[in-house]
1. Sort out for me the helices (runs of 4 or more DSSP H) sitting completely within the chain that have 2 or more residues that are under 11 Å from the mean Cα position of the chain (by Cα).
2. So which residues in the range 6-29 are at pLDDT 80 or above, open to solvent by 90 Å² or more (accessible area, probe 1.4 Å) and of a type in the set (Asp, Glu), if there are any at all?
3. Across the range 46-61, which residue is most open to solvent (accessible area, probe 1.4 Å) among those that are farther than 12 Å from ASN33 by Cβ and modelled with pLDDT under 85?
Amino acid sequence: MTAFVIRAITDKPITVIENGGEILAELKRQGNNLNQITRSSYNGLATEEEIKACIKSLKELYRKISIAIG
């Protein structure tokens, strides 16, 4: 919120992302997945496949965010 106010009063462009709530919810889910896999890997429970799948999902989400913000 602070960044929005600063941009608004300094006449810098503000980017509005349609469906931003959906993207944010997915980002939170992926962050939780990453945390769970990280904890599991410390305990020797996560497999390489799980880690690679999580990384793949995160890359796809970041690609979508990049497209959304231009």
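The values are calculated or read from the model by the stated rules, or taken from the named source; none is laboratory data. Quick caveat: nothing in here was measured; it's all calculated off a predicted structure. In this analysis, Cβ positions are derived from the backbone assuming ideal geometry, glycine residues included, and neighbour counts consider all displayed protein chains. Areas reflect the complete protein model, heavy atoms only, side chains present, ligands, DNA and RNA absent. Shrake-Rupley method; radii C 1.70, N 1.55, O 1.52, S 1.80 Å.
1. Filter on the chain gives 20-42, 48-69.
2. Residue satisfying the conditions is GLU22 alone.
3. Among them, the one singled out is GLU48.
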